[in-house]
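Have a look at the structure below before the remarks.
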Amino acid sequence: VDIIQNGKYLVYKVGKFGSDWSETFVLDLTTGKPAPDEFKLMKGGISISPDQKTCIYAQYPEPGRKYVDGNKHAVVKLHTFGTPTSQDKIIYADRNLNQGELGAYFSEESGEVIIDRIDPRYKGNAVL
């Protein structure tokens, strides 16, 4: 659970399907109601920008009913709080990443985006 420091939003994650799949939701603390921000098909968390207006996250395509073989074709998206995730922009995609994972983070010092790619085609991780 993260509370965005401006006190407007509470961000929480719910595990799904008994694995590392999760969904992340946002509660508007000023109204007490769910915000339109719903992050689905995730295997990690979100990273909130230093100005706390946006976040980035890695999302995976619908893997099918059994949620196996679901590490294919992840993308990193940029989200503006208070808007539906259907409006999010893809800021990184590697369509050749068939069995790896992506992570995305904002640098606390500079606010730059850091993308971490775990790719079995190579030894170790790549930071992009």
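The values are calculated or read from the model by the stated rules, or taken from the named source; none is laboratory data. All values reported here derive from a predicted model rather than from experimental measurement. Here the Cβ positions follow ideal geometry from the backbone for every residue, glycine too, while neighbour counts run over all protein chains shown. Just the protein is used for accessible areas: all its heavy atoms, side chains included, with ligands, DNA and RNA removed. Shrake-Rupley method; radii C 1.70, N 1.55, O 1.52, S 1.80 Å.
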Next on the checklist: Solvent-accessible area of residue 41, probe 1.4 Å, all protein chains present, reported in Å² to the nearest ten, please.
Outcome noted: 40 Å²
Next on the checklist: Skipping prolines and chain starts, which residues have an amide H placed within reach, meaning under 5 Å, of the one on residue 9, given they are 5 or more residues away or on another chain?
Outcome noted: 4, 29
Checklist outcome for this item: Simple SL model, points at 7 angstrom along Cα→Cβ for residue 83 and residue 118; separation in nm is 3.1 nm
Item to check | Karplus-derived HN-Hα couplings along region 34-50 (A = 6.51, B = -1.76, C = 1.60, θ = phi - 60°), whole Hz, x at Gly and Pro | outcome: x, 7, x, 7, 10, 9, 10, 6, 10, 10, x, x, 10, 10, 8, 5, x
Checklist outcome for this item: Heavy-atom accessible area of residue 39, protein chains in place, probe 1.4 angstrom, given in Å² to nearest 10, is 0 Å²
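Between residue 10 and residue 73, what's the calculated FRET efficiency when r is the beta-carbon distance and R0 is 41 Å? Round to 0.05. Please report the intermediate quantities before stating the final value.
Working: r = 31 Å, r/R0 = 0.75.
That gives a FRET efficiency of 0.85.
Ranked from the most accessible area to the least, with a 1.4 Å probe and all protein chains present, what is the order of 57, 92, 105, 12? Kindly include the intermediate steps, with their values, before the conclusion.
Working: 57 5, 92 50, 105 115, 12 80 Å².
Sorted by accessible area, descending: 105, 12, 92, 57.
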